1. Under 18 Å from a point 7 Å along the Cα-to-Cβ line of Ser103: which residues of region 180-200 have their amide N that close?
2. Relative to the Cα centre, what is the charge dipole magnitude of the chain, using +1 at the beta carbon of each Lys and Arg, -1 at the beta carbon of each Asp and Glu, and rounding to the nearest 20 debye?
3. Can you bin region 143-298 into rounded, prolate or oblate? Criterion: square roots of the alpha carbon gyration tensor eigenvalues sorted a ≥ b ≥ c, rounded for a/c under 1.5, prolate for a/b above b/c, oblate for the rest.
4. With springs only between Cα atoms under 10 Å apart, run a GNM on the chain and tell me which of Asn95, Asn277, Asn49 wobbles the most.
5. Under a GNM of the chain (C-alpha, springs under 10 Å), which listed residue has the highest mean-square fluctuation: Thr31, Thr177, Thr77?
6. What's the magnitude of the charge dipole for region 122-209 around its Cα centre, counting Lys and Arg as +1 and Asp and Glu as -1 at the beta-carbon? Answer in Debye, nearest 20.
7. With the crude spin-label approximation of a point 7 Å out along Cα→Cβ, what separation in nm comes out for Tyr82 versus Thr59?
8. If you take the charge dipole of region 237-299 about its Cα centre, with +1 on Lys and Arg Cβ and -1 on Asp and Glu Cβ, which of Ser290, Pro245, Ala264 is farthest toward its positive end?
Amino acid sequence: MLRIFIILFVSISLSACVDRTVSEVVPSAATIGTPETIFVSTSRAREANGYYGFQRGETIKFLDTTVSVPPSHTPGTLKFSYANPNPQKEFVLANVTELSGPSGLREHLRGEDDVTIFVHGYNSTQTETIFRAAQLTHDIGLPGSTLVYSWPSRATGYGYAYDLDSMLFARDGLEQTIRELKSMGVKRVILVAHSMGGALSMEMMRQAELQEPGWANRNIEGVVLISPDLDLDLFRSQMKRIDNPPDPFIVMVSQKDKILNISARLRGTDEGQRLGNISSVASLEEFPISVIDTTAFNSDAQSSHFVAATSPALLSILSSLRRVNNTFGREDRPGIDILVPPSERNPDGATEIVLTETGQAQVTTP
């Protein structure tokens, strides 16, 4: 337990050294690096200085941003500065434009069939989330447009309780965002959520299902929960409210996730397990989901809590799957269908998929 508090103390001390909500915009950076367009839907309030911090907003705001990915970028890395950024070596904001509500977003997404929504986790600023989404988009080649749902995280090491409340506060905004996208004619919405963002996504789908049974499957083409910071019993209760989950429904886990181990122990769970670091799918076998174990890629990942974004080896595999889809004209099929065909998955219950370092998938259907 002493080790846990030391880690938390260091996290608090480091986060207090700099104002992480302020990020310089450098328009010329777009001519130096590779520009990636990242749209934003945010339930954060706009501060007096023009930035979006941790305060909760009364309405959803939409933004159009451009991120310059540096020429020196290597997959799995994310380098940036809060002041005086170097476009040659770092991710840089090249543009931030507030749109005129849903109608402004509609103009930018006109004719777009696919939108991937990225939902961040605990202790995240809006700009950090935009950078992470740009990195994933660049490294994997996500289909269509990428949109960040930015909810009001306190963005400090000591803000966990505040973030839990904000996560629940943000449910309506995420649901509204998806409804707006579908009303614009977007055919396929993919929901990708990390850590506490997984809890937010599940709560959003549960509340929508209570109002309109079947809503999640009708409006979301696929769900990917990456290292979800979510209690197993809570996840089971949420899934039981979703009669027909989106397909595919993927949970990416790592048994060496140190952050989730701390999260579990702070809650008094001695075995240190959350949904994102489970060692067995036995308790989930009744649900039609795919659990992908990425533990083998932990060694080369910069973060054990975000292996899917920070392991160069795993990113290379995911990128290859995307290229296979494009080559054979299967852009509308999620990469998991190539990795593990539907015929090898359990249509009525959980499928456990253990990825090896060679990119092979060991499939078990309980």
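Derivation of every value follows stated rules applied to the coordinates shown; laboratory data play no part. Just so you know, these numbers come straight off a predicted model, no measurement behind them. Every residue, glycine as well, gets a Cβ built from its backbone with ideal geometry; the counts of neighbours run over all protein chains shown.
1. Label zone hits: 180-181, 183-185.
2. Using Cβ point charges on Lys, Arg, Asp and Glu, the chain gives about 480 debye.
3. Details: a/c = 1.67, a/b = 1.33, b/c = 1.25.
Prolate shape, in that a/c is at least 1.5 and a/b is the bigger ratio.
4. Of the options given, Asn49 has the highest mean-square fluctuation.
5. Most flexible of the set in this elastic network: Thr31.
6. Values: 8 positive and 9 negative charges, 54 e Å.
Computed charge dipole of region 122-209: roughly 260 debye.
7. 3.0 nm
8. Result: Ala264.
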